[in-house]
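Enquirer: The structure is given below, and queries will be raised subsequently.
The values are calculated or read from the model by the stated rules, or taken from the named source; none is laboratory data. Computed from a predicted model, the values in this text were never measured in an experiment. Note: ideal-geometry Cβ built from the backbone for every residue, glycine included; neighbour counts use all protein chains shown. The accessibility values were calculated without ligands, DNA or RNA, using every heavy atom of the protein model including side chains. Shrake-Rupley method; radii C 1.70, N 1.55, O 1.52, S 1.80 Å.
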Amino acid sequence: MQLQEILFSQGFGTRRVCAGLIQQGLVTVDAAAVLEPSELFPPEGLHFTVQGKPWQYFEKAYLMLHKPAGYECSQKPSNYPSIYTLLPAPIRQRGGGAAAGVQAVGRLDQDTSGLLLLSDDGKFIHRMSSPKHHVPKVYEVLAKHAVDATQVDKLLSGVVLDDDPKPVRAAACEQTGERQLRLTLTEGKYHQVKRMIAAVGNRVEEVGGLHRSRIGELPLPSDLPQGQWRWLTAQDLVSISAFPVAK
């Protein structure tokens, strides 16, 4: 694959821009500058640098972001900064065209923090976000008032939300502190956690009240700071899908 095409596919600008980066000696492969845009390289697993920054070729992008509170999962945010501003330009521009860049797999409210997946693989996004697949997502909840066994039981047995007469229930729920719950959901209704907590007579704290800690069997790494991202490994992708198939 031509080096300029590799750079273009990875989001480093138009083909002309990518060719210019190479011709200016700003791209290295195996620590050596490459000056010919059409020089061929096997793309899979290729390591290279652009303007001194190391990169690796990925045919499809799969990454995780430790989303901070105060960010919107939107390309055109209304009141808060976009999560996409936390990503480097090449990640936001991958592939070029109208559908360039990665997309969030589902959304987290602006005041919710935690594990967020992003990808440019449409099939993966659908697989992970479709309610038909029942991918479990674990949330750490800080409630406004004390929680008790009755509230836990109601969340497990099912509560009715105002837009659907069919009860929704937590796949798992445990009390982890006087005002803390660990709640596992396999659906993705609008503001579902907050509405379920309200339905049992409590409220989620407005500040620091909701944090997603796990998707499937993939936990948010303790060493990934808020606002930071990293590529998903092959093992991470296995962990995301390692959950019981819903009956």
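Enquirer: Among the residues of the stretch 1-48, which ones are closer than 22 Å to residue 62 by Cα, in a loop (DSSP other than H, G, I, E, B) and in contact with a Ser or Thr (Cβ under 9 Å, 6 or more places away or on another chain)?
Expert: 1, 43
Enquirer: Right, here's the next one. Residue 236 passes all but one of (1) open to solvent by 60 Å² or more (accessible area, probe 1.4 Å); (2) modelled with pLDDT under 95; (3) closer than 30 Å to residue 90 by Cα; which number fails?
Expert: (1)
Enquirer: Taking the stretch 53-71 only, how many residues are closer than 19 Å to residue 225 by Cα and either open to solvent by less than 30 Å² (accessible area, probe 1.4 Å) or of a type in the set (A, V, I, L, M, F, W, C) (or both)?
Expert: Residues meeting the conditions: 8.
Enquirer: Kindly evaluate residue 100 against the criterion of being open to solvent by less than 30 Å² (accessible area, probe 1.4 Å) and either under 27 Å from residue 212 (Cβ atoms) or over 14 Å from the mean Cα position of the chain (by Cα) (or both). Full working, then the answer.
Expert: Values: open to solvent by less than 30 Å² (accessible area, probe 1.4 Å): yes; either under 27 Å from residue 212 (Cβ atoms) or over 14 Å from the mean Cα position of the chain (by Cα) (or both): yes.
For residue 100, the condition - open to solvent by less than 30 Å² (accessible area, probe 1.4 Å) and either under 27 Å from residue 212 (Cβ atoms) or over 14 Å from the mean Cα position of the chain (by Cα) (or both) - is met.
Enquirer: Filter the stretch 72-130 down to the residues that are within 27 Å of residue 16 (Cβ to Cβ) and aromatic (Phe, Trp, Tyr) and list them by number.
Expert: 84
Enquirer: Sticking with this one: Which of the residues belonging to the stretch 154-182 are part of a helix (DSSP H, G or I) and not hydroxyl-bearing (Ser, Thr, Tyr)?
Expert: 154, 155, 156
The rows are residues; the columns are (1) within 24 Å of residue 79 (Cβ to Cβ); (2) in contact with a Lys or Arg (Cβ under 9 Å, 6 or more places away or on another chain); (3) aromatic (Phe, Trp, Tyr); (4) surrounded by fewer than 11 Cβ atoms within 10 Å (Cβ to Cβ).
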{"residue": "116", "(1), (2), (3), (4)": "yes, yes, no, no"}
{"residue": "120", "(1), (2), (3), (4)": "no, yes, no, no"}
{"residue": "127", "(1), (2), (3), (4)": "no, no, no, no"}
{"residue": "143", "(1), (2), (3), (4)": "no, yes, no, no"}
{"residue": "163", "(1), (2), (3), (4)": "yes, yes, no, yes"}
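Enquirer: Which of (1) buried (at least 19 other Cβ atoms within 10 Å of the Cβ); (2) of a type outside the set (S, T, N, Q); (3) closer than 14 Å to residue 101 by Cα does residue 89 not meet, given it meets every other one?
Expert: Among (1) buried (at least 19 other Cβ atoms within 10 Å of the Cβ); (2) of a type outside the set (S, T, N, Q); (3) closer than 14 Å to residue 101 by Cα, residue 89 violates only (1).
Enquirer: If I filter the stretch 212-226 down to residues being outside any loop (DSSP other than H, G, I, E, B) and open to solvent by less than 50 Å² (accessible area, probe 1.4 Å), which single residue comes out as farthest from residue 138 (Cα to Cα)?
Expert: 218
Enquirer: Which condition from (1) in a loop (DSSP other than H, G, I, E, B); (2) of a type outside the set (Lys, Arg); (3) in contact with a strand residue (DSSP E or B) (Cβ under 7 Å, 6 or more places away or on another chain); (4) open to solvent by less than 20 Å² (accessible area, probe 1.4 Å) is the one that residue 110 breaks?
Expert: Unmet condition: (4).
Enquirer: Among 220, 142, which is touching a Gly at 6+ places or on another chain (Cβ under 8 Å), over 22 Å from residue 128 (Cβ atoms) and either charged (D, E, K, R) or touching a residue at least 60 places away in the same chain (Cβ under 8 Å) (or both)?
Expert: Going through 220, 142 in turn, just one is touching a Gly at 6+ places or on another chain (Cβ under 8 Å), over 22 Å from residue 128 (Cβ atoms) and either charged (D, E, K, R) or touching a residue at least 60 places away in the same chain (Cβ under 8 Å) (or both): 142.
Enquirer: Here is a follow-up. Give me the pairs: first residue in the stretch 61-79 and within 11 Å of residue 103 (Cα to Cα) and in contact (Cβ under 8 Å) with a residue 60 or more places away in the chain, second residue in a strand (DSSP E or B) and open to solvent by 20 Å² or more (accessible area, probe 1.4 Å), beta-carbon distance under 6 Å, and six or more apart or on different chains, which are they?
Expert: Going by the 6 Å Cβ cut-off, the qualifying pairs are 63/229; 63/231.
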